[in-house]
Amino acid sequence: MTDRARRAPIEPPPSRWVLPPPDAADEHGVVAVGGDLAPGTLLAAYRAGLFPMRIADQLLAWWSPDPRGIVPLDGFHASRSLRRSARRFETRVDTAFEAVMRACADPSRPHGWIDESFVHAYCRLHEMGWAHSVETWRDGELVGGLYGLRIGGLFAGESMFHRVADASKAALWSAVDLLRLDGAVLFDVQWTTPHLCSLGARDVARATYLRLLASARVAPVRIYHNPG
């Protein structure tokens, strides 16, 4: 692996929208509908504890679920079998961001919601230094990975995929290790699933998440080198 120094992210123009507060969410966790996926809008949303996802009729919705899923950076559970299988993969960071997004957006996956507008929007954030991918490779082939946004001490994980067994788990494990080394304090996964819970994810109340987010946004960030 080689090292590539991370550049400081570029701050975009501010959003032209005013997003409602997270506690304005309905019983499903939807705070607002509409707006856009401009870089300034996306960053304002994540900084406020919101994230975008489309709902029925392809409407753009902004979410703040209660409870909220997080992966404690000191609480990842790597099973014995994962520890063995992880040795088969090479981990890279930010070498195939768009490919990871498009794999996560595969329309054949159940409950797929990532459309071309999301791919375009997050690739723009990647180019600006805000969005990142953690990838697992085997024999020169991309076989798993995840992507999300890094803002201060927050990493907001968006989606992950795998093409061989344990490839996404290994990517998640690597992401946790890299974030901890880099001074991150909060790994947001939006909602927990049985799969994520088996790896250490847990639910926290919205109010707790917002307190953690407030601390994460001002956490000092170390400069690390991306393996690529």
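Quick rundown of the values:
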item: Karplus (6.51, -1.76, 1.60) ³J(HN,Hα), θ = phi - 60°, over segment 120-126, in Hz, Gly and Pro reported as x; result: 4, 5, 7, 5, 4, 5, 5
item: Nitroxide proxy distance, nm - points 7 Å out along Cα→Cβ at ARG109 and ILE55; result: 2.2 nm
item: Cα-based equivalent ellipsoid of the chain: semi-axis lengths in Å, sorted from largest, via gyration tensor; result: 26, 19, 19
item: Cβ-based charge dipole, the chain, positive-most Cα from PRO194, HIS120, ALA167; result: ALA167
item: Footprinting exposure proxy for SER15, SER215 (fewest neighbouring C-beta atoms within 10 Å first); result: SER215, SER15
item: Residue order, fewest to most surrounding Cβ atoms within 10 angstrom, among HIS126, HIS195, HIS28; result: HIS28, HIS195, HIS126
item: The chain: angle of helix 167-181 to the longest principal axis, Cα-based, in degrees nearest 10; result: 80 degrees
item: Segment 40-54 - phi-based ³J(HN,Hα) in whole Hz, Karplus 6.51/-1.76/1.60, Gly and Pro as x; result: x, 5, 4, 5, 4, 5, 5, 5, 8, x, 10, 8, x, 6, 7
item: DSSP-loop GluC sites (Glu not before Pro) across segment 20-123, with at most 15 other Cβ within 10 angstrom; result: GLU27
item: Among SER64, SER79, SER168: highest mean-square fluctuation, GNM of the chain, C-alpha pairs under 10 Å; result: SER79
item: Percent RCO, i.e. relative contact order, over the chain, from Cα pairs under 8 Å lying at least 6 residues apart; result: 27 percent
item: Listed residues PRO14, VAL30, LEU50: farthest to the positive end of the dipole of segment 8-63 (Cβ charges); result: PRO14
item: At 1.567 mPa s and 4 °C, Stokes diffusion of segment 93-175 via Kirkwood alpha-carbon radius, µm² per second; result: 102 µm²/s
item: Amide hydrogen neighbours beyond the local backbone of TRP63, cut-off 5 Å, H modeled; result: VAL31, PHE51, MET53
item: Tensor-based shape of segment 8-63 (alpha-carbon gyration tensor, a/c under 1.5 rounded, otherwise prolate or oblate); result: prolate
item: Among ARG124, ARG92, ARG84, residue whose mean-square fluctuation peaks in a GNM of the chain (springs only between Cα atoms under 10 Å); result: ARG84
item: GNM flexibility winner over the chain from ARG16, ARG88, ARG206 (Cα, springs under 10 Å); result: ARG16
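Each value in this text was obtained by applying a stated rule to the coordinates, not by laboratory testing. For clarity, every value in this text was computed on a predicted model and none was experimentally measured. Every residue, glycine as well, gets a Cβ built from its backbone with ideal geometry; the counts of neighbours run over all protein chains shown.
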